[in-house]
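Reading through the structure tokens given below for one structure.
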Amino acid sequence: MASLSVLHILRTIKERGTVSRTDLQHLTGLSWGTITNTTRDLLNRNLIREEGALATKAGRKPVRLAINPNNHSLIGLDIAPTSVTCLALNLAGETLHEVRQEFSPNDSPTQVLDMAAEMVNAALAMPDLSQRMCLGVGVAVQGAVDVRAGVMKFAPRMPMWRDVAVRDHLLNRLQVSVRVEHDPNCLALAERWFGDASAADDALCISLGDGVGMGILINGEIFRGAQQFAGEFGHTTVNPNGPKCACGDNGCVESYCSIHAVIDHVASLPELQSAEIKKIITQRVPTVHELVSAARAGDPAVLQAFEQLGYYLGIGIANVVDLFNPNVVVLCGPLTAGQAFFDGALQMQLEKRAWRHSSRQVLISKLGPRAIAMGACGGVLQGVFETAALQAELQTA
């Protein structure tokens, strides 16, 4: 189908950086006529550009093609429980603008969405962005999300947000299209377009933070499931007799591998705590940075908590590796800062339990704390490419 051909070509150019038409034909397996006609159309749309000739030993020098970063922008919003991040990228994934604003948990969804809309409009009014065509706003939200309707159904950590029509609210205040996505899926999209899963058609992206989530890429597309709730990795069972999880079940991945789980485990071992971590825990909740520092200093309680995290995370990853057979598993989120202290236990369980013929490659994301906002931009980018593909298909119908 023409749509699949266009999407394949766009992704190949994005992944390779620059590529000749001849190399495109070799890499995609598409006919020369399809390559020629499709790239001409994409050039006319200013989605790609020609960048001059590649050096060759003899004969005509082929022209390189690349994603055109100059004419368009993408906006990503990450709506977290107490903050909104607004990120603007060009089509090459380069940052044009970034700002973060805090809000009170008592603020209503309307107040927060109005603030988010103001952040977007302020960004679009900036000189560098005002000269570009904004291709859309991607919005990452937590909890249960109806992606098709753009509605945030509910989120345990944002109790006021029930059946909030995020997309419609923002559409009424913005002059661009809006695309709403579940935040673990945004992590997967970020890795797909800008990170370590760019060359992987099948990948799992697992977030380790206040909760545990998973974005699933199958054939380069987000897998959502029948009710759009696929990826609740944090609420799969790894120990039926384990501690109670916030979801009401026992022994979920999240009850061992979230920030709160690690802190609770450390707090349950006062006899093993160092004097420094004991002092922190008696006064307030320790940060991930403080936990990692304590682990580096050899705190037995913190080391045991990270060891337990790795053990149960390894069991959970082995299960999903056997189910999905991904090219790669990418770990994201704040707790990855403690990788040095949980990776050994994780790898041991993965080696022991995952089918030996499966790829068991586990990587740590390099995208950092703004990965979710980047993934919201990636969702817009994917939507743009899919639209271009659909238009190409309609033209050839």
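FYI, it's all coordinate maths here, none of it is from the lab. Since the model is a prediction, treat every value here as computed from it, not as a measurement. Positions of Cβ are backbone-derived with ideal geometry, glycine not excepted, and every protein chain shown enters the neighbour counts.
Key figures for this structure:
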item	result
Between the range 189-262 and the range 304-365, the alpha-carbon center distance in angstrom	12 Å
Beta bridges per DSSP with both ends in the range 198-366, % antiparallel, nearest 5	55 percent
Among 254-261, 142-149, the order from most to least packed when residues are scored by Cβ within 10 Å on average	254-261, 142-149
The range 291-316 residues near the modelled Glu351 label - backbone nitrogen below 19 Å, point 7 Å along Cα→Cβ	307-316
Net +/- balance of residues flanking Leu174 in space, Cβ distance below 14 Å, scoring K and R +1, D and E -1	0
Burial order of peptide ranges 308-316, 187-195, 322-330 (average beta-carbon count within 10 Å, highest first)	187-195, 308-316, 322-330
Overall form of the range 81-200 per C-alpha gyration tensor (a/c, 1.5; a/b vs b/c)	oblate
Kirkwood hydrodynamic radius of the chain, Cα pairs, Å	22.5 Å
Among beta bridges that DSSP assigns inside the chain, antiparallel share in %, nearest 5	65 percent
Lysine-lysine proximity count for the range 198-366, Cα under 28 Å, sequence distance 8 or more or distinct chains	4
Sum of -39500 (n - 2.57) over DSSP H runs of 4+, divided by residues of the chain (222 nm, nearest 500)	-13500 deg cm²/dmol
Reciprocal mean inverse distance between Cα atoms of the range 198-366 - Kirkwood radius, Å	16.4 Å
Span-like helix ranges in the chain, DSSP H, alpha carbon extent 24 angstrom or more, Kyte mean at least 0.5	300-324, 371-396
Antiparallel DSSP beta bridges within the range 77-191, percent to nearest 5	70 percent
Karplus 3J(HN,Hα) series, Hz, for the range 250-256 with 6.51 cos²θ - 1.76 cosθ + 1.60 (x for Gly, Pro)	10, x, 6, 3, 5, 6, 10
Calculated FRET value between Val99 and Asn172, using beta carbons and R₀ = 30 Å, to 0.05	0.85
